[in-house]
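Beneath this line is the structure, given in structure tokens, with notes to follow.
The values are calculated or read from the model by the stated rules, or taken from the named source; none is laboratory data. These numbers come from a predicted model, not from an experiment. Don't worry about glycine lacking a Cβ; one is built from the backbone with ideal geometry, like all the others, and counts go over all protein chains shown.
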Amino acid sequence: MKWIAAFGWAGLLAVVAVYALFVLRYKNASLADVVCIGDSLTACGGMEGRYTDFLSKDLPGLRIINRGINGDTLFGGRERFERDVLSLHPKIVVIELGANDFFRHDRSPHELYVDLATMVRSAREQNIGVAIAGVFGDQLDEKGQPIPKLFHEGDPAFGQTILEIERTVAKQYGAIHIENIQADLTQPEYWGDNRHPNAAGNRLVAARILPAVKQLLEAQAASGRN
């Protein structure tokens, strides 16, 4: 108690206040600028060949973290969203999920909507900019003109349903919706297998995602978040 006598209660309170501010600042410190949460389409590409690797090259100096897990779904992303995204306090999150829900087709559209909306809403509540990166929507033909997406498996109508869910959630919560991040992958040379782009394909995927990330970063800067 001698140090309390030396500095007084006012000094003690000042020390406690400074410590509290330090803890609060550290707790809310951003550990990433951009987090990309997704399934194997976020994880694939090999060393330096994921779309996040190309985003890092296009946005030097930014901390871009890949949180892709093979086989993940919208429900899986929702379950780990706090740990893998919110706890890092990023400026931006890119949500790339839904392809495995399409292939499995074992959950209702309402359930998928709730999963996606929960993630987007929780991010927006923390002032995190959101880009929904989907794989449904038009693709481009050899001349660069939009044509309906070609499905080699699965139910095209269910793909359209997921697309409409993405559009609805994006509009509802002020997120950016990127339709069909694979729209430019028109040649076999862009694919590692029939479902996953290789590094060359992910270069094009990153190019489709990049404008949305830049727009969200500019919006964050304009709002005073650095």
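Residue-wise test of (1) within 12 Å of the chain's Cα centre (by Cα); (2) not basic (Lys, Arg).
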| position | (1), (2) |
| --- | --- |
| 71 | no, yes |
| 80 | no, no |
| 90 | yes, yes |
| 110 | no, yes |
Selection from region 34-54 of residues assigned to a loop (DSSP other than H, G, I, E, B) and among the hydrophobic types (A, V, I, L, M, F, W, C) yields 44, 47
If you go through region 67-101 one residue at a time, how many are surrounded by fewer than 17 Cβ atoms within 10 Å (Cβ to Cβ), touching an Asp or Glu at 6+ places or on another chain (Cβ under 7 Å) and farther than 12 Å from residue 39 by Cα? 0
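I'd like the full set of residues that are small (Gly, Ala, Ser), in a helix (DSSP H, G or I) and under 14 Å from residue 41 (Cα atoms), limited to region 63-121.
The answer is 77, 99.
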I'd like to know if region 183-203 contains one or more residues that are under 15 Å from the mean Cα position of the chain (by Cα) and hydrophobic (A, V, I, L, M, F, W, C). no
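Can you name the residue in region 150-200 that is part of a loop (DSSP other than H, G, I, E, B) and among the polar types (S, T, N, Q) and, of all such residues, is surrounded by the fewest Cβ atoms within 10 Å (Cβ to Cβ)? Spell out the reasoning first.
Step one: list which residues in region 150-200 are part of a loop (DSSP other than H, G, I, E, B), which gives 150-155, 174-175, 179-187, 192-196, 198.
Of the ones still in play, those that are also among the polar types (S, T, N, Q) are 180, 182, 186-187, 194, 198.
Numbers: 180: 20, 182: 25, 186: 17, 187: 10, 194: 8, 198: 17.
So, considering only residues that are part of a loop (DSSP other than H, G, I, E, B) and among the polar types (S, T, N, Q), the one surrounded by the fewest Cβ atoms within 10 Å (Cβ to Cβ) is 194.
I'd like to check something: does region 71-84 contain any residue that is aromatic (Phe, Trp, Tyr) and either at pLDDT below 95 or in contact with a Gly (Cβ under 8 Å, 6 or more places away or on another chain) (or both)?
No, because not a single residue in region 71-84 is aromatic (Phe, Trp, Tyr) and either at pLDDT below 95 or in contact with a Gly (Cβ under 8 Å, 6 or more places away or on another chain) (or both).
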